[in-house]
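Quick note: the coordinates plus some simple rules give every number you see, no bench work behind them. Since we're looking at a predicted model, the values are computed, not measured. Cβ atoms come from the backbone with ideal geometry, glycine included; neighbour counts cover every protein chain shown.
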Amino acid sequence: MTKSKRKSPGKKEESEMKIAVIEEVADNIYSIKFILQSIGYEVASFSSHDSYLLSLKEFLPNLIIVDMMIVGGAGFAVIHELQKSSLKKVPILAITAEAMEGKEEDVYKAGGQDALCKPYTVKDLKKKLKKWLT
């Protein structure tokens, strides 16, 4: 007898969830994509240097992760731009540097829903994902 996973009505499985990552550093993109994909999420990464908003809208993410320390502190500008777009209802998880610890209030004021401080563990990330994707 094989057991099948039953899906709760209205609840999506990880494999049906899409996460967008806005990040500039290639190593950081690789790391977070590897973690998220190994959990089972569909992941796409975007650079704030490009015209990312149209591609991001086409991807239709369930969660957007923004690194707040992208070039010139543009993380706040990215969040403001997302809040003005059709993606304004998509939760935003801001990844902050240790130097920004205690600045979560600034993330909330900018329009982000949550923050995760570097360095973080996979367990910490999973808690945040569970909070926003279930």
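The local environment of Gly75, defined by Cβ-Cβ distances under 12 Å, has a net charge of -4 under the rule Lys, Arg +1 and Asp, Glu -1. Decide, for the range 16-133, between rounded, prolate and oblate: order the square roots of the alpha carbon gyration tensor eigenvalues as a ≥ b ≥ c, take rounded if a/c falls under 1.5, and otherwise choose prolate if a/b is larger than b/c, else oblate. Rounded is the answer for the range 16-133, as its axis ratio a/c remains below 1.5. Multiplying the residue separation of Ser31 and Tyr120 by 0.36 nm and subtracting their alpha-carbon distance yields 30.8 nm. Annotation: extensible slack from Lys89 through Ser55 equals 10.6 nm (criterion: 0.36 nm per residue apart, minus Cα-Cα distance).
Count the net charge of all other residues whose Cβ sits under 13 Å from the Cβ of Ala26, scoring Lys and Arg as +1 and Asp and Glu as -1. Value of the local net charge: -3. Pairs with C-alpha atoms separated by more than 25 Å, drawn from the list Lys84/Lys118; Lys18/Lys103; Lys88/Lys123; Lys57/Lys118; Lys103/Lys131; Lys57/Lys103, are Lys84/Lys118; Lys18/Lys103; Lys88/Lys123; Lys57/Lys118; Lys57/Lys103.
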